[in-house]
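Have a look at the structure that comes next, please.
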């Protein structure tokens, strides 16, 4: 199912897919842009961070860890905190 969500600064929505082990990235129009496959299956939440807000940190319940990946666009909340 769907779990935690965050937006990037261009309005794309990143959705943690619990049980599927992925992050779905949807455009503001609801179109699937990309799906990031992770090592764990039970992904629960996502946050943007890192020096430029372009590192995604994902909590993975079944592995008891964080997984990360890089994106091209900074997170919306991260960018707002920098202004």
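Roughly speaking, what % of Cα-Cα pairs in the chain are separated by over 21 Å, rounded to a whole number?
When every Cα pair of the chain is considered, 22 percent fall beyond 21 Å.
Run lengths n ≥ 4 of DSSP H only: what is the helix-derived mean residue ellipticity at 222 nm for the chain, with -39500 (n - 2.57) per run over all residues, to the nearest 500?
Result for the chain: -2000 deg cm²/dmol, rounded to the nearest 500.
What list do you get for 37, 25 if you sort them by fewest beta carbons within 10 Å?
Numbers: 37 10, 25 19.
The fewest-first ordering by Cβ neighbours comes to 37, 25.
Which ordering of 56, 7 is given by a fewest-first count of other beta-carbon atoms within 10 Å?
7, 56
Counting other beta carbons within 10 Å of each Cβ, put 38, 66 in order, fewest first.
Values: 38 19, 66 13.
Exposure proxy ranking, most exposed first: 66, 38.
Just so you know, all these numbers are worked out from the coordinates, no wet-lab data involved. If you're wondering where the values come from, they're calculated on a predicted model, not measured in any experiment. No Cβ is skipped: glycine too gets one built from the backbone with ideal geometry, and neighbour counts run over all protein chains shown.
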